[in-house]
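K.L.:
Let me give you the structure first, and then I'll get to my questions.
Just so you know, all these numbers are worked out from the coordinates, no wet-lab data involved. Just so we're clear, the structure is a prediction, and the values are computed from it rather than from any experiment. Counting neighbours? That spans all protein chains shown, and the Cβs are built from the backbone with ideal geometry, glycine included.
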Amino acid sequence: MRPPLPVVGEPRLDLPAPDVADAVGVAGLLADRTRAGILRMLADGPHCVCEMAAALGERDNNVSNHLARLREAGLVRAARHEANARFLYYERDEAAVGRALAALREVIG
């Protein structure tokens, strides 16, 4: 059983609301299993859509749609394969991922 909360006096009705918009945006992106899996896979280095789709048990077009959301958020970027331009490889933008992690840490410590 938890001890009772300490009494702090009168209610503080003038507290400012925290700005959690960035954290909410990141959390919304990561709330999807496929997008979270993609970001985790890309932590190990660049991968093409077909590799990620196979690993995640998803169709290529579904993974591409999730990558588009992550690209719009700035968390990933794409580049064509040097030898075969047919393949599009994705990698994490580590600076953007660091900012996203910082936004989440502000909320959950």
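K.L.:
Identify, please: which residue in region 12-48 is touching a His at 6+ places or on another chain (Cβ under 9 Å) and among the β-branched types (Val, Ile, Thr) and is, among those, surrounded by the most Cβ atoms within 10 Å (Cβ to Cβ)?
P.N.:
Ile38
K.L.:
Given the structure, is Leu88 of a type outside the set (Val, Ile, Thr) and touching a Cys at 6+ places or on another chain (Cβ under 7 Å)?
P.N.:
Considered against the rule, which asks whether it is of a type outside the set (Val, Ile, Thr) and touching a Cys at 6+ places or on another chain (Cβ under 7 Å), Leu88 comes out as yes.
To keep it simple, each residue is scored yes or no on (1) at negative phi; (2) charged (D, E, K, R).
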position	(1), (2)
Gly9	no, no
Asp14	yes, yes
Ala23	yes, no
Gly28	yes, no
Ala36	yes, no
Pro46	yes, no
Cys50	yes, no
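K.L.:
Can you pull out the residues in region 79-100 that are surrounded by 11 or more Cβ atoms within 10 Å (Cβ to Cβ) and either in a loop (DSSP other than H, G, I, E, B) or among the hydrophobic types (A, V, I, L, M, F, W, C) (or both)?
P.N.:
The answer is Ala79, His81, Phe87, Leu88, Asp93, Ala96, Val97, Ala100.
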